[in-house]
Amino acid sequence: MMPRVNSMNILLVGLLATVLWLGLGAGVRAEKLPSLGERSGRPIATPQTRQLGDEFMREARRQLVFVRDPVLLAYVQALGSRVSASVADDSDFFRFHLVRNGEVNAFAVPGGHVVLYTTLILETESEGQLASVVAHEVAHLVQRHPTRSLARSHGRELSASAGMLVAVLLGGQAGAATMAATSAMAVGDRLRYSRAFEQEADTVGLDLLASAGYDPHSAVDFLHRLERGSRVQGLSPPEYLLTHPLSTRRVAEVRSRIERYATVTDGHGSDFAHARARIRALFEPNPEAAADYFASPAGGDVLVKRAARYGLALVKSRLGAHDQALRILQQLVSDYPDDLHYPLALAESHVAAGALRSALSPLRSARARWPDEPILYGAEANVLIKIGEASLAKSMIRAALRLDNDSVVLYRLLARAEGQLGNMAPSFQALAEASYLEGEPTRALAELSRAEKHAGHSTYLAASISARMAVLRELIDRRATH
């Protein structure tokens, strides 16, 4: 089990979000909200909700452990994009994040952010179950539940509103303690409203799940799995059930709606199985225990066994048994040449073993097979930077950004490559774009100010920096005045 996040830190995150939420009330109250039970159709991001989401995520990054692993982030974003495709006119509206945490939970943040916990992924048994959670969180945003909460909170005592929003957004011990400290009337009112939200998110979420090609039965299957597991083990309900109240009536209503959908067979899916194995291999505090887990995988499914071999190789590399890791991965590459996970992991194992140039071969072979996969370009560029070939790395990253210009990982790699070449202005520019994509325009503006000081006599570079600074200033001013 992975370490839990300090409850006080979570509380601080929630309180900050609530203060901002209440402070932005005037602008949100002017927004036309759908009536409860009415399908809104599309999510809407106002400057106020974008600002709230960005501020929340900025503080969350200080308090929570966000995963930066490119493979896992690519999976989470791909899954989220598939689930939200039917409601997102703007493909960049939703941003999906992964937090390393021992709780089973997920939550949605105004402005299009959906945060999943690593242990949530470990507790799901199929990609359909995981997709059902993502669909439910996306549904909260589609129906503008955060905005409705804000409108309803207007005029309520700040401490009570803060307690309710902390409890609903983040849950956990901090949420429970905050709820206990607020008035009983406010608690009851907030929970009743939360149940209405959950029912509405269930309805919309099932539509999203079916539209994405998943079995809607997965939604109830996962909820029952969590509830049954906590009951059998005599434990308190998982955080997901605390922040997403489950009742017999709610389950019955979901079951009745499911009958309208065609049955779909959900398999594990290669990406899902390997994401679960990667999380366990990289983040399990006791790597020996993870190795034992992978050595005797549960079930006879071929894909599960493949993912277990992959996970075992990652753990062996983590333990310093590089020869064993390389042998496993080389065999996997040979046996399954159409699976991208294996050449990526093989390159990682070469790097861990200190054989940097050996890591380039599997990456280049994979890039020849998958020429449009930005993650391969980024992985190769990372190796090139490590061996001092920053110029070549820079061209690789530029090519990758043409395929994916919203990658924080790529912009941070570009900053490293430019810095290694002594190009400080472009390095700070790249850091600015990474900060902007992380929802921190003020920090991005500060990075651009540093870039401006290093622009030298390049008129073009100075002009591009100045133009980008003007855009960010306008964005910051617009949010401040709404």
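The values are calculated or read from the model by the stated rules, or taken from the named source; none is laboratory data. Worth saying up front: this structure is predicted, and the values here are computed from it rather than measured. Cβ placement follows ideal geometry from the backbone for every residue including glycine, while neighbour counts extend to all protein chains displayed. We work out accessible area using only protein heavy atoms, side chains counted, and drop any ligands, DNA or RNA first. Shrake-Rupley method; radii C 1.70, N 1.55, O 1.52, S 1.80 Å.
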Describe numerically, in nm with one decimal, the distance between label points set 7 Å from Cα along Cα→Cβ at Gln199 and at Arg450.
5.2 nm
Considering only protein heavy atoms, what per residue accessible area in square angstrom results for the stretch 335-482 with a 1.4 angstrom probe?
47 Å²
Extension gain (nm, one decimal) between Gln331 and Thr442, 0.36 nm per residue minus Cα-Cα
35.2 nm
Please find the FRET efficiency linking Ile476 to Ala78, where r is the Cβ-Cβ separation and R0 is fixed at 22 Å, and quote it to the nearest 0.05.
0.10
Heavy-atom accessible surface of the stretch 370-441: percent carbon and sulfur, 1.4 Å:
48 percent
Length gain on complete extension for the stretch Arg61 to Ala298, per 0.36 nm per residue less the alpha carbon to alpha carbon distance?
81.8 nm
Could you check the simple spin-label distance between Thr248 and Arg398, using points 7 Å along Cα→Cβ, in nm with one decimal?
6.7 nm
For Val99, enumerate residues with amide H under 5 Å from its amide H, sequence gap 5+ or separate chain, H modeled in the peptide plane.
Val67, Leu116, Tyr117, Thr118
Expected vector for the stretch 383-397, Karplus 3J(HN,Hα) from phi with 6.51, -1.76, 1.60 and θ = phi - 60°, integer Hz, x for Gly and Pro, equals 5, 4, 5, 5, 9, x, 9, 5, 4, 5, 4, 4, 5, 5, 5
Report the gain in length on full extension from Ala262 to Ala85: 0.36 nm times residue separation, minus Cα-Cα distance, nm rounded to one decimal.
61.8 nm
Whichever aspartates and glutamates have a C-alpha closer than 12 Å to that of Lys394, once near sequence neighbours (fewer than 8 apart) are set aside
Glu380, Glu418
Here the FRET efficiency for Leu421 versus Thr459, based on Cβ atoms and R0 = 22 Å and rounded to 0.05, is 0.60
